[in-house]
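What follows is a single structure, written as structure tokens, with notes after it.
The values are calculated or read from the model by the stated rules, or taken from the named source; none is laboratory data. These numbers were taken from a predicted model, which means no experiment stands behind them. Cβ sites come from the backbone with ideal geometry, for glycine too, and all protein chains shown count toward neighbours. Side chains are part of the model used for accessible areas, which takes the heavy atoms of the whole protein and leaves out ligands, DNA and RNA. Shrake-Rupley method; radii C 1.70, N 1.55, O 1.52, S 1.80 Å.
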Amino acid sequence: MAGLRVTEVDWQRLRNGTAHHTQEYPGSNLVVRRGQRFTFTLELNRPLESEETLIFTVETGPQASEALHTKAVFQTSELERGDTWMAVKEAQTENTTTFSLASPPNAVIGRYQLSARVSSRRKHSDRKLGEFVLLFNPWCPEDDVFLDSEEERQEYVLNDSGIIFRGVEKRIRAQGWNFGQFEEDILNICLSILDRTPSYQDDPATDVSHRHDPVYITRAVSAMVNSNNDRGVVQGQWQGKYGGGTSPLHWRGSVAILHKWFKGRFKPVKYGQCWVFAGVMCTVLRCLGIATRVVSNFNSAHDTDRNLSVDKYVDSFGRTLEDLTEDSMWNFHVWNESWFARRDLGPSYNGWQVLDATPQEESEGVFRCGPASVTAIREGDVHLAHDGPFVFAEVNADYITWLWNEDESRERVYSDTKKIGRCISTKAVGSDSRVDITSLYKYPEGSRKERQVYSKAVKKLFSVEASGRRARVRRGGGRGLWHDDLLEPATKPSITGKFKVLEPPVLGHDLKLALCLTSLTSRAQRVQVNLSGATILYTRRPVAEILHESHTVKLGPEEEKKIPIAISYSQYKEDLTEDKKILLAAMCLVTKGEKLLVEKDITLEDFITIKCAQPGSPREGLGPIQDHPLQERPTAAAGRLRQPPLPGHQGLCDHPRGHS
């Protein structure tokens, strides 16, 4: 009997692609998902005899081994087992035999080699049949990444475009983003990202063996999307200087970035900020089969000292003291959520997990963040892996203001402590609408439950000894915050204050505002008001002072008074940053030693006036004159195109202002 040989392999890409929701991946290689059968047909030089059995071998990564679960050897069987690789002979017609293979739902993902040999008394060497790529499977109930909603799988796994929300809390804007996970070479690049991690470089066989775990994969991708430790994909830049690269404001998708990184032999692409990191990470994880979405948090805290508060030190004019203030509050910050089970934490923490590729703080010595269970954040379980305290602070830190006196003493100033974590947003399933998901991260701001959770988080983070001594958190500058300071609010003053914009703030025009002060008591009182204003970066760090003045105001019982404020164009034009932002502050000192800080961020708008034809003219019916903020879009020639907000967004449109 002639030796059995394989003459041709038909991977049935169309059939398998449809069944595995992988038909959009380009190229000749078969792409399938784990925990699910796929079929292929072998053309043999002769019929397969009844006593002959094919033995298959699958292996992935270097030094593949059965001990590391990166190699499996198995023969055709009629029995179905879900915990191991298996093969079934589906049909045979003369020299043609069709087989189906299935991987376990926890198989390592990545590039696989498939080979086969005949089981007989004679020894045969394995014949390589070809390669295929195995991905995570959100359609498989036994897979840790299983998502039980077809609409959500279509949105968070298969949708190759989306919306990223940016701006400020009261003016949220939408930017389109092309994830492009099915574009040419993107799957290959995403797999190459895994092969560029320091863990893979140090011990490739062990690293590959961990690639069955979405926790491991997402944590690795979080580190690799930024370039801080590992020549990752994107280099961050927050100083407004983009020489030798592309401004973060000009990227409109992930594909060009990933192609540039890959073709440039893994040289980091310049430059990115938070929405760029999040857009690229969403592409990579969707490409690998993990349901992922982009999330924007407005008034996002950056808590550098892990005390769950943003501590701002100011002088008597409300100006931020940069040498003392280490924490910050960004106008907005963008990260990702991915959906998977947390076998390391328990089923209560399954579901959405926060991942952040923006290099802010190190996690176990590497710039990465997450995965942190959204449920754990909402419940204050900040002790759980990974990076719970940092994420909790981003959405629920208390914003605490300290007046730093000349004798280096400090006093707590009454201000809005609840401004952190507003309008947490993501794109709706099946539409470009904005969905507010703040309630997934925390209970209603200021509610009893929210305060209980905050207190719980603080107590978990700081150990309060049984002897009654208070735990202290040392800061880099030698200052300390007592545990009790974080739970005791500042004394509420007997006045309230707010800035009111009298005319729309438009670039090139003077600014006209008023500080409105209201007495809350039945007695007269005197208030010293120290006003300051500065142009700021998107980090809210000051660039140049443009306002510095003092007023004394006498308030009668329950009286309201307005202090007019005017800032001319000539005062701010030279020092305005690319973000066109100004920060105003009023430190209000009341007679009985009470102190109130009032702040307002102002974003100056560019406007274009579109004049439409009047009734009776040849272009009748085009509508009235309209003013729209100028928005940036790339063009092949000039690099920018101005256009009005996206339809259906009620003025939400791409806005390159604000910090992340």
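Per-residue 3J(HN,Hα) values for segment 339-356, derived from phi via the Karplus relation 6.51 cos²θ - 1.76 cosθ + 1.60 with θ = phi - 60°, read 9, 6, 7, 10, 5, 6, 10, x, x, 4, 10, 5, x, 5, 10, 7, 9, 9 Hz in sequence order (x marks Gly and Pro).
Only sites in a loop by DSSP and with at most 16 other Cβ atoms within 10 Å count here; which GluC sites (Glu not before Pro) in segment 95-165 make the cut? Mind dumping the intermediate values first?
Numbers: sites: Glu131, Glu142, Glu150, Glu151, Glu152, Glu155; in loops: Glu142.
Listed in order of number, the matching sites are Glu142.
In Å², and per residue, what accessible area does the chain have when probed at 1.4 Å with the other protein chains present? Intermediate results must be reported in sequence, preceding the final value.
On the way: 28440 Å² over 660 residues.
Per residue, the chain has an accessible area of 43 Å².
The distance from the alpha carbon centre of segment 565-607 to that of segment 43-108 is 69 Å, rounded to a whole number. Taking the accessible area of the chain, probe 1.4 Å, and keeping the other protein chains in place, the carbon and sulfur fraction comes to 48%. Ellipsoid semi-axes for segment 173-293, based on the Cα gyration tensor and the rule √(5λ), read 23, 16, 13 Å when sorted largest first. Relative to the longest principal axis of the Cα atoms of the chain, the long axis of helix 274-288 lies at roughly 20 degrees.
When the helix-only estimate is applied to the chain (DSSP H runs of n ≥ 4, each -39,500 (n - 2.57), divided by the residue count), what is the mean residue ellipticity at 222 nm, nearest 500 deg cm²/dmol? It would help to have the intermediate numbers written out before the result.
Details: 13 runs with 106 residues, N = 660.
Calculated at 222 nm, the ellipticity per residue is -4500 deg cm²/dmol.
Once backbone amide H atoms are built at 1.01 Å from N, Asn226 has Val233, Val234 as its partners under 5 Å, excluding neighbours fewer than 5 places away on the same chain.
Can you give the direction-averaged projected area of the convex hull of the alpha-carbon atoms in segment 96-168, in nm²?
Numbers: hull surface 35.6 nm².
Averaged projected hull area, Cα only: 8.9 nm².
Per residue, the convex hull spanned by the Cα atoms of segment 21-97 measures out at 147 cubic angstrom. Its Cα centre serving as origin, the chain has a Cβ charge dipole (Lys and Arg +1, Asp and Glu -1) of approximately 900 debye.
Compute the orientation-averaged projected area for segment 220-286 from the convex hull of its Cα atoms and round it to one decimal in nm².
Numbers: hull surface 16.9 nm².
Convex hull of Cα atoms, orientation-averaged projection: 4.2 nm².
Calculated from the structure at hand, percent of Cα pairs over 44 Å apart is found among [x] 33; [y] 27; [z] 53 as [x].
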